[in-house]
Amino acid sequence: MEQIPTRKQALDLLREYNQSESLIKHALAVEGVMRFCARKRGDDEEKWGVVGLIHDLDYERFPEQHCSKTEEILREHDWPDEYIRAVVSHGWGICSDVEPQSEMEKVLYAIDELTGLVTTTALVRPSKSVMDLKPKSVKKKWKDKRFAAGVDRSIIEKGAEMLGLQVADLIVDTIAGMQDVAEEIGLKGDVVE
């Protein structure tokens, strides 16, 4: 019987499969942005957050089976199809052929890589914080292809297009969502509030 997974269940499962603090922080960052975007759209913040939190469940242990192993694990735990599909769709065109369809899936697809660029941009600042990070700083780093070279900007662009947004708007929302969880993801930095 399918049950609605709680945040605690998602976090416990994430920690069971991932030891890397950077992967946990990435999951928390994506969760924060997903929750922010759900709130902004008047959608189910809890569902979006849990999907964001669990999206890279298999990445540390099964990088070669990314997304497909997560699907397997979540099915074993009786997760709802909607959650599983959303998680698998974030790997569309890379390690999954499930195209993002719902608003939640499109947002996850678009912001997953972007959280990496925002994190890296925040870490090179004197404050080492996302709290005083301006969208224009991220846009400037976006143009430098050597900066955070592992961030696939074409995925972010494709995601923004699917959502009918400019990348700049996506950057604003991603920063705002990450500011909500700055302490948890280690990006509160030296900013005095």
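The values are calculated or read from the model by the stated rules, or taken from the named source; none is laboratory data. Keep in mind that what you see is a predicted model, and the values were worked out from it rather than measured. Because the Cβ atoms are built from the backbone with ideal geometry, glycine has one as well, and the counts that use them run over all protein chains shown.
Tabulated values for the structure
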{"quantity": "Test: residue in the range 99-106 that is buried (at least 20 other Cβ atoms within 10 Å of the Cβ), assigned to a loop (DSSP other than H, G, I, E, B) and not basic (Lys, Arg)", "calculated": "yes"}
{"quantity": "The range 52-65, residues that are over 15 Å from the mean Cα position of the chain (by Cα) and either part of a helix (DSSP H, G or I) or at pLDDT below 90 (or both)", "calculated": "Pro63, Glu64, Gln65"}
{"quantity": "Filter pass, Glu46 being in a helix (DSSP H, G or I) and under 14 Å from the mean Cα position of the chain (by Cα)", "calculated": "no"}
{"quantity": "The range 19-43: number of residues that are acidic (Asp, Glu), closer than 18 Å to Ala110 by Cα and out of contact with any Gly (no Cβ under 6 Å at 6 or more places or on another chain)", "calculated": "1"}
{"quantity": "Residue match in the range 61-78 (condition: acidic (Asp, Glu), out of contact with any Asp or Glu (no Cβ under 6 Å at 6 or more places or on another chain) and touching a residue at least 24 places away in the same chain (Cβ under 8 Å))", "calculated": "no"}
{"quantity": "Qualifying positions in the range 117-167 - part of a loop (DSSP other than H, G, I, E, B), crowded, with 18+ Cβ neighbours inside 10 Å and of a type in the set (Ser, Thr, Tyr)", "calculated": "Ser129"}
{"quantity": "Selection from the range 168-189 of residues that are in contact (Cβ under 8 Å) with a residue 40 or more places away in the chain and part of a helix (DSSP H, G or I)", "calculated": "Leu170, Ile171, Asp173, Thr174, Ile175, Ala176, Gly177, Met178, Gln179, Asp180"}
{"quantity": "Qualifying residue in the range 22-35 (condition: more than 23 Å from Ile185 (Cα to Cα) and surrounded by fewer than 24 Cβ atoms within 10 Å (Cβ to Cβ))", "calculated": "no"}
